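The block underneath contains the structure these notes are about, expressed in structure tokens.
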Amino acid sequence: MGQGAKGRRGNRIAPLALKKTTRILFFILTILTKFPQERQQQILVDRQEDSTLDFGGNNENCETSKRQVDGIQIHVIGGQRSESLKSLLHQLDESNYDGWEIPVPIYIHLDGGSLPEVRTIVDKFQWTHGEKRVDKRRKNVGLRDMWLSSLGAAAKAAGENTLMIVFEDNMIVSSSYFQWILAAIHAYGKSTNCRNVNLMGFSLSPITADDLSTPPKPWNPKFSGVSSYAYLSAMPSSWGAAYWSDRWIEFSEFVDVRMKPPYYNLHAEKSVDKAQHNENLRLTPEELFIPKSRFNYVSNNWKRFMIDWMYARGLVMVYPNHPGEAGFASTKVLSEENGRKSSGTNLGVAELADSFDYDMGSILMPKYVDLPVVGLYLEPTNMALLAIRGNDFLNEVRGRCPTCDPLLKVWAKPESFPSQSLDGGFAFCAPDLYKMSSESRVSLESQPPKHTQKFLLYEPQYGGNNQLYAIVEAIKWADTLGRRLIIPPVLLPRVSEFSHEEWPVTQKILRLTEDNGRGLHPNLIEFQQWMELKIPVARVLRISRDAKFDKRASAMVNHISEITGATNIPIVDLQHLIPTKILHEDLVHLFSGCHDEVLAFDSMFHVNHHDKNGDWVDNFDVFVDIFRLSEKAQRAYNAVKRQLTEKLGQTQYACYHVRLGDFIPMCEELKEMKGNPSFQYWNEMLEQGHKCALTPDEVVMGVLSRSMPALLLSNDNPYVESRLEAASVASVSSKWVQDRLAEERPLGMNEAEFEVLTMLIEQQLCGEAEYALLNKFSTFSARIKAIKRGVGYEYWGVQAPVT
């Protein structure tokens with residue numbers, strides 16, 4: 001009797017009832033409004049502790065790795081402001097460059113028609129930290145084209161791992177600005193292997209205004225609950241910005257197309273001679289408008305195109321958030337052309353903090369995954385939501401603008417292009433949020449898939465019935481995502497304790513029904529059969545939390561590594577993106593854009609797929625409809641059932657599922673956890689009167705109350721059997737069933753398969769009983785309830801008295 005809970009009857013207890021959300025798109029917003037910022041960060045930190053990957057690094061240990069950045073460049077753009085340019089160059093030269101071992105070149109870009117005194121200042125300027133390069137234009141091209149052409153050429157020449165810091169000639173800088181850059185590189189960009197692909201760069205100045213509204217409105221990071229030293233925003237920076245060269249190269253490819261007809265009207269722009277907001281100007285088709293952005297009507301401006309770019313791709317920049325909203329770069333509104341006096345600061349530009357009274361190296365920067373995120377409209381959000389909104393926007397453009405395909409080809413991320421997705425639209429892949437810059441330039445066309453089919457693999461976890469439950473969940477996911485499910489073996493007594501040398505083959509024991517009535521169309525391949533295809537697993541996606549009373553296992557990954565020699569398969573932690581309740585459309589949103597030949601998950605147990613109507617059906621109920629025993633297994637069952645009715649002397653009998661064994665310490669722990677919110681679900685069941693574990697006397701009393709022949713699904717207990725025999729109640733135990741089944745054992749069935757068959761047949765025998773008394777805390781009992789179609793059962797502790 002004591003072994004039952006630990007054996008094939010499974011250890012899965014009813015799942016923790018977490019607060020469920022209505023949609024993944026609003027899941028993180030629910031968290032943001034329910035918890036203060038400090039608690040939000042703690043939630044993310046707690047969930048990331050065992051993760052191999054976070055948003056800011058891959059399987060390389062980025063915290064201890066050496067910095068591998070090709071270079072840092074300074075770019076100054078000017079031409080008409082002599083005194084402010086002279087002051088800026090002096091401030092840059094006098095700044096603190098400690099901690100950077102290689103020269104820092106400075107590029108000074110002068111537009112055509114620059115003032116003679118400006119050219120003289122530049123020629124005489126002595127840069128003491130590296131090479132000085134001067135770019136003097138013959139023709140005046142304007143500030144926008146100076147930005148685009150200067151940085152485009154510099155990025156292309158520098159390669160894909162250089163940081164370009166850009167200043168306009170009316171700016172002032174803090175002597176600590178470079179130390180902030182180094183701190184940001186150390187935390188978020190040590191190398192292309194440690195820099196997230198969605199990171200456009202760093203800002204030297206915090207956001208102080210909602211620049212998209214008309215007119216711009218003041219904004220403070222505290223409005224969005226930001227309390228850390230830094231935050232991410234989808235708003236591009238222009239007042240002291242540092243852009244990564246690889247991201248700028250991609251942006252250049254986009255803007256070259258974006259500024260051509262029919263996507264931009266340069267002819268209309270010629271009617272104004274400088275950047276301005278004018279809603280009468282028809283600069284771009286409305287189909288390309290960024291929602292609620294005044295920049296749709298701004299002419300002669302490079303930033304409007306960067307807004308387009310970052311919004312559609314879900315890109316972000318790191319912004320500082322230091323005391324007093326101070327920044328490391330700022331500007332002044334100048335009363336005269338050559339700026340001799342200040343008339344106040346611009347809205348949207350932070351006050352300059354010339355120096356800080358603390359060491360920048362001592363600042364503990366948050367992990368990238370822990371950084372607060374604000375969107376383009378400065379609303380609290382997250383990286384997944386930014387990416388989904390960007391894809392939705394591109395899909396709207398695609399639907400409304402039939403001539404926009406050339407633009408969309410350079411606007412969308414290559415991996416999200418329509419030809420690769422389920423619905424013919426741009427699609428998002430949640431784990432790609434974790435991709436590093438070193439992976440971003442790999443062409444999909446250069447690495448075509450080896451197989452026409454795409455697969456879904458998952459790690460089986462915990463006890464036997466947990467694994468059966470997860471099979472159905474995986475079938476739902478694979479059916480939704482159009483993938484073929486690699487069906488894993490059922491490993492008993494639980495995955496973490498499986499010890500047989502030969503693995504079971506699930507489809508030798510179970511078969512799919514031809515018409516399941518569930519609208520599911522399972523396309524399965526056995527794990528061992530799939531292994532023969534030799535398809536590599538690129539990453540494993542962690543979507544579920546740990547169980548309270550069991551150990552997480554990696555049986556599939558370990559076996560793959562052992563057979564193929566593939567080691568260190570990276571784990572991508574997506575727990576904070578996956579609610580316990582996941583809707584069909586959200587599953588499509590999160591994973592339909594994934595190009596992994598094998599989409600591999602760490603588990604399928606703690607998630608519950610809801611159909612297109614938002615309805616959820618218990619996986620055990622679905623299991624009963626889509627699976628039957630195989631022909632050999634069914635013959636064995638029929639033989640045991642016949643012997644059971646002969647032994648009991650009649651066809652009607654009662655079944656009692658009894659859990660002791662590991663349930664005793666577990667149930668004792670639950671008592672100690674009373675009031676702990678993490679154990680709320682189980683505590684509620686105890687308060688309702690459900691029995692977690694039973695004494696032998698309670699078992700006897702339960703059986704005697706029915707006065708029916710009894711099937712006891714537990715291991716032998718001489719005390720119980722003797723009491724029942726004395727009361728003239730016919731009974732058999734699990735041991736009796738196992739012995740009879742051994743006599744009927746199908747040929748060619750290994751030990752591991754026979755254990756699975758025994759578990760299934762015991763459950764089927766109990767499910768066909770006239771009455772069943774079950775354990776509310778057990779998934780073994782939960783599957784019996786499903787077999788009984790919810791009729792003719794009760795639970796220990798709350799069963800109605802027999803009259």
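Express the accessible area of segment 68-122 per residue in Å², computed with a 1.4 Å probe while the remaining protein chains stay in the model. Write out the running numbers ahead of the final one.
On the way: 2150 Å² over 55 residues.
Dividing the accessible area of segment 68-122 by its residue count gives 39 Å².
Taking only protein heavy atoms and a 1.4 Å probe, what accessible area per residue, in Å², does segment 134-270 have with all protein chains in place?
On the way: 4540 Å² over 137 residues.
On a per-residue basis, 33 Å².
By how many nm would the segment from Y229 to N278 lengthen if fully extended, with 0.36 nm per residue of separation less the alpha-carbon distance? Can you show the working numbers first?
On the way: separation 49, 0.36 × 49 = 17.64 nm, distance 3.68 nm.
Going from the current span to full extension adds 14.0 nm.
Which net charge results for the neighbourhood of G390, defined as the other residues with beta-carbon distances under 10 angstrom from its beta-carbon, given Lys and Arg at +1 and Asp and Glu at -1?
Details: positive: R313, R389, K413; negative: D392.
With Lys, Arg at +1 and Asp, Glu at -1, the net is +2.
Mind ordering 513-522, 257-266, 244-253, 686-695 by average Cβ neighbours within 10 Å, highest first?
On the way: 513-522: 12.4, 257-266: 15.2, 244-253: 21.4, 686-695: 16.8.
So the order, starting with the most tightly packed, is 244-253, 686-695, 257-266, 513-522.
Return the long-range amide H neighbours of H75 (sequence gap of 5 or more, or a different chain), with a cut-off of under 5 Å between placed amide H atoms.
Close amide H contacts, sequence-distant or interchain: Y107, I165, V166, F167.
Where does the charge balance sit around N516 when Lys and Arg score +1, Asp and Glu -1, over other residues with C-beta under 13 Å from its C-beta?
Values: positive: K476, R511, R518, R628; negative: D479, E514, D515, D621, D625.
After counting each charged neighbour, the total is -1.
Each residue of segment 384-398 in order: what ³J(HN,Hα) in whole Hz does its phi give by Karplus 6.51 cos²θ - 1.76 cosθ + 1.60, θ = phi - 60°, with x for Gly and Pro?
5, 5, 4, 5, 5, 4, x, 5, 4, 4, 5, 5, 5, 4, 4
For S87, what accessible area in Å² do you get when you roll a 1.4 Å probe over the heavy atoms of the protein chains, rounding to the nearest 10?
50
Going by amide H atoms built from the backbone, whose H comes under 5 Å of the H on Y458, apart from near neighbours?
Those lying under 5 Å, H to H, from Y458 are F601.
Using 0.36 nm per residue, how much length does the chain from D739 to E94 gain when fully extended, once their Cα-Cα distance is taken away? Show your work: numbers first, answer last.
On the way: separation 645, 0.36 × 645 = 232.20 nm, distance 8.71 nm.
Length gained between D739 and E94: 223.5 nm.
With every protein chain kept in the model, how would you rank I563, I165 by accessible area, 1.4 Å probe, largest at the top?
Working: I563 105, I165 0 Å².
Largest to smallest exposure gives the sequence I563, I165.
Determine the dipole magnitude for segment 734-795: charges of +1 sit on the beta-carbon of Lys and Arg, -1 on that of Asp and Glu, nothing else is charged, the reference point is the Cα centre, and the result goes in debye to the nearest 20. Could the numbers behind the result be given before it?
Values: 8 positive and 10 negative charges, 74 e Å.
The calculation lands at about 360 debye.
Per the 1.4 Å probe, what fraction of the accessible area of segment 176-226, in percent, lies on carbon and sulfur atoms? It would help to have the intermediate numbers written out before the result.
Values: 770 of 1380 Å².
Here carbon and sulfur together make up 56 percent of the probe-accessible area.
Determine the per residue accessible area of segment 647-717 with all protein chains present and a 1.4 angstrom probe, expressed in square angstrom.
Working: 3260 Å² over 71 residues.
Ligands and nucleic acids excluded, the result is 46 Å² per residue.
If one computes the Cα centroid of segment 176-205 and of segment 703-767, what distance in Å separates the two points?
Between the Cα centres of segment 176-205 and segment 703-767 lies a distance of 64 Å.
Within the set K217/K292; K217/K303; K66/K551; K413/K435, which residue pairs have Cα atoms separated by over 23 Å?
Values: K217/K292 14 Å; K217/K303 18 Å; K66/K551 35 Å; K413/K435 12 Å.
K66/K551, as the Cα separations exceed 23 Å there.
For segment 468-612, which whole percent of the accessible surface, found with a 1.4 angstrom probe, sits on carbon and sulfur atoms?
Looking at segment 468-612 in its full context, I get 45 percent from C and S.
Which of the aspartates and glutamates could be linked to K260 by a straight reach, that is with a Cα gap under 17 Å, when you skip same-chain ones fewer than 8 residues away?
D145, E250, E269, E286, E287, D308, D405
What list of ³J(HN,Hα) values in whole Hz, one per residue of segment 291-302 in order, does the Karplus curve 6.51 cos²θ - 1.76 cosθ + 1.60 (θ = phi - 60°) give from phi, with Gly and Pro shown as x?
Taking θ as phi minus 60°, the curve returns x, 6, 10, 5, 5, 4, 10, 8, 9, 6, 9, 7 Hz for segment 291-302.
Collect residues whose amide H, placed 1.01 Å from N in the peptide plane, falls under 5 Å from the amide H of A538; neighbours closer than 5 in sequence don't count.
V598
Under the Karplus relation 6.51 cos²θ - 1.76 cosθ + 1.60, θ = phi - 60°, what is the ordered set of whole-Hz ³J(HN,Hα) values for segment 456-469, x standing for Gly and Pro?
Once θ is set to phi - 60°, the couplings for segment 456-469 become 10, 10, 9, 7, x, 9, 6, x, x, 6, 4, 5, 5, 4 Hz.
Could you please report the charge total around L283, scoring K, R as +1 and D, E as -1 over all other residues with beta-carbon less than 9 angstrom from its beta-carbon? It would help to have the intermediate numbers written out before the result.
Details: positive: R282, R304; negative: E269.
Taking every other residue near L283 into account, the sum is +1.
The values are calculated or read from the model by the stated rules, or taken from the named source; none is laboratory data. What you see is a predicted model; the values in this text were computed from it and never measured. Reconstructed Cβ throughout: ideal geometry from the backbone, glycine too, with neighbour counts over all protein chains shown. Ligands, DNA and RNA are excluded from the accessible area calculation, which covers all protein heavy atoms including side chains. Shrake-Rupley method; radii C 1.70, N 1.55, O 1.52, S 1.80 Å.
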